[in-house]
Amino acid sequence: MSYSVPKIAGEADPEVVGSTTHLWPRWEVFVRPRGGVTHVYSESVHAPDAETALCNARDTYLRRVEGVSLWVVPSDAIARWEPGDDRPRRRTEGSRRFWEAFIRHRRGAQFLHAATIPAVDEFDALALARDTFLTKSDGVEVWVAPSDELVAADPDEAPMLFEPFSDKHYRFARFYDIPEEVGHM
């Protein structure tokens with residue numbers, strides 16, 4: 001896409017071309033809701049760094065869900081597997097590192113944090129997570145991310161991150177009265 005820019009006397013015709021170099025990296029967001037036992041995938045945010053990603057994630061996703069923990073992972077750090085993906089089988093040699101495994105059990109469902117697993121590389125982690133947490137009839141997608149790439153909200157900063165939204169009950173549908181002529185919603 002190009003735009004016309006007014007010509008300045010004595011200069012060549014400038015052309016401004018659309019660019020993607022101004023885009024911030026994408027971070028995948030996982031929230032553990034109050035009363036929840038595991039982190040649930042919430043979607044993604046764009047941010048220049050992990051701290052900004054945490055703040056953007058809080059502002060975007062904790063308005064709807066009362067959370068007690070927040071994780072962000074750079075999108076390009078996540079390795080993905082879907083049925084039909086024939087990646088190499090597990091390797092057992094080499095130094096191991098920890099990976100976070102996220103499982104989607106059916107289309108349209110959310111990714112849930114399944115476990116932290118030790119693996120040699122992303123292929124090993126994907127195969128181990130797939131073989132451990134999926135059955136032949138259950139599970140449609142697996143994500144793994146290196147544990148050291150995951151950025152978690154500091155528990156000491158929990159009041160700053162999670163409390164500002166806890167007293168805003170008007171965000172819930174139960175706050176509003178439904179007129180009788182509308183009927184049951």
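None of the figures in this text is laboratory data; all of them are computed from the coordinates on show. Values in this document were obtained by computation on a predicted structure and should not be read as measured data. When we count neighbours, we look across all protein chains shown, and the Cβ atoms used for this are built from the backbone with ideal geometry, even at glycine.
Things worth noting here:
- Amide proton proximity set for Val140, modelled H, under 5 Å, gap of 5+: Arg104, His105, Arg106
- Taking 20 Å as the cut-off, the amide N atoms of the range 29-47 that come nearer than this to a point 7 Å along the Cα-to-beta-carbon line of Thr60 belong to 29-34, 39-47.
- Here the gap between Glu149 and Val182, fully extended at 0.36 nm per residue and compared with their Cα-Cα distance, gives a gain of 7.0 nm.
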